[in-house]
Amino acid sequence: MTASARKRRAIYTITPDAPLLHVEFGYIDDLLDRWRTEGMTGMEPFGLEDPGYHGLNQLGWCEAAFSPCFETVLLEDRGECELVQDYAGRAVLFFKGRRSGFMPEYIDHPVKDMRTWEEKVKWRMNPQTPDRYADLPKRMAAARQAAARGEMITANLIGGYMYLRSLMGPEGVLYAFVDQPELIHDCMRTWLTLADAVTARHQQHVTLDEVYMAEDICYNAGPLISPDMMREFLLPYYQQLIANVRSRQIDRHRHLFIQIDTDGNVNDIIDVYRELGMEAMSPFEVASGCDVVKIGHRYPNLCLRGGIDKRVLAKGKDAIDRMIDYILPAMRRRGGYIPCCDHFVPLEVSYENYLHYRKRCLELGD
């Protein structure tokens, strides 16, 4: 078993005082270029490790796993901007010549009603599409090799709310929960059918350690839908998928962890996801009121990843030290914590500040 895999497994079992796993959420576009101008010659000084897990993919993340995807088409030239149909069927306004590194403006989404769902989208989620499994042998060979190294094997997929929002838009989906519940349920049945079929293919080759769903169901003041709506429209499909996965495990004695990833203020929904058996959560956005020390105390059996305020990294070494000294000693004593930023490290963070942050993590984590 690799050192990082051993660390991750100890963290997932909430082992007090276990060494911390040194990983990062990610970096905003152009940040590494900025750091190179400030003296960075490589990533080695950061002390980052292999993550200790292997993601199987093929089930989407921020958008549904379409096969085929929509064709990317220029819809309209607006001078400095261009309106584009993206691979998920959305009309998106980009700066001309730049389609990444910033939050684009979503103008329209493909699903309005049952007709547009069936005509434009539903058929793209057919689990039997041959192209969907074209590289499956290569993927599964890599997964078996990762399992042999002791890495946690993770079925990572788009969660129901994120999936519905990518189809209908952030406002459209909220109206649909009330005005078109039959549409929501048909979309979720299709989500379940695809997720179940793909994970079943994967489970012919490896035992899963984790089901990890990208949800983004919260904003800065709390959840975007009520717990009752979550239980009506999301949880039954999650429960069925998880039950099916457990029934197919090659190693029937392997514990299956459930992780939910959502930005925003999660304090009011942790108990709802605990009904699913959720034992891991991320990334605990500090600007939205998430405090991993307090949440870790409230839920001693919950594995947490994230909770490092990315904004503080731009404020200087004293602010970084105050944050790190508050979080890392307490969470290491508790166990079950993977420190990293609560989203991508922003462009405002200097190389000097980030290097100081990483040195403090190494100092307190090893």
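Taken together, the values in this text are just the output of simple stated rules run on the coordinates, not laboratory data. Nothing here was measured: the structure is a model prediction, and the numbers come from that model. Glycine gets a Cβ as well: all are built from the backbone with ideal geometry, and neighbour counts include every protein chain shown.
List of remarks:
- Beyond 29 Å in Cα-Cα separation lie the following of the pairs Lys7/Lys138; Lys96/Lys138; Lys7/Lys310; Lys96/Lys359; Lys112/Lys294; Lys96/Lys120: Lys96/Lys138; Lys96/Lys359; Lys112/Lys294.
- Fully extended contour minus Cα-Cα distance, from Glu232 to Glu275, at 0.36 nm per residue: 14.2 nm
- Mean Cβ neighbour count within 10 Å, used as a protection proxy, ranking 187-196, 287-296 highest first: 187-196, 287-296
- Span from the the range 315-366 Cα centroid across to the the range 201-217 one, whole angstrom: 29
- Note on the chain: with charges restricted to the Cβ of Lys and Arg (+1) and Asp and Glu (-1), its dipole about the Cα centre is near 1340 debye.
- Relative frequency of Cα-Cα separations exceeding 18 Å in the range 231-366, percent: 59
- Residues Phe46, Phe284, Phe233, arranged from fewest to most other Cβ atoms within 10 angstrom of their Cβ, appear as Phe46, Phe233, Phe284.
- Chymotrypsin sites (Phe, Trp or Tyr not before Pro) lying in DSSP loop within the range 97-168, provided at most 12 other Cβ fall within 10 Å: Phe102
- Separation of alpha-carbon centers, the range 32-54 and the range 251-277, rounded to whole Å: 30
- The order of the peptides 62-69, 179-186 by mean Cβ neighbours within 10 Å, most packed first, is 62-69, 179-186.
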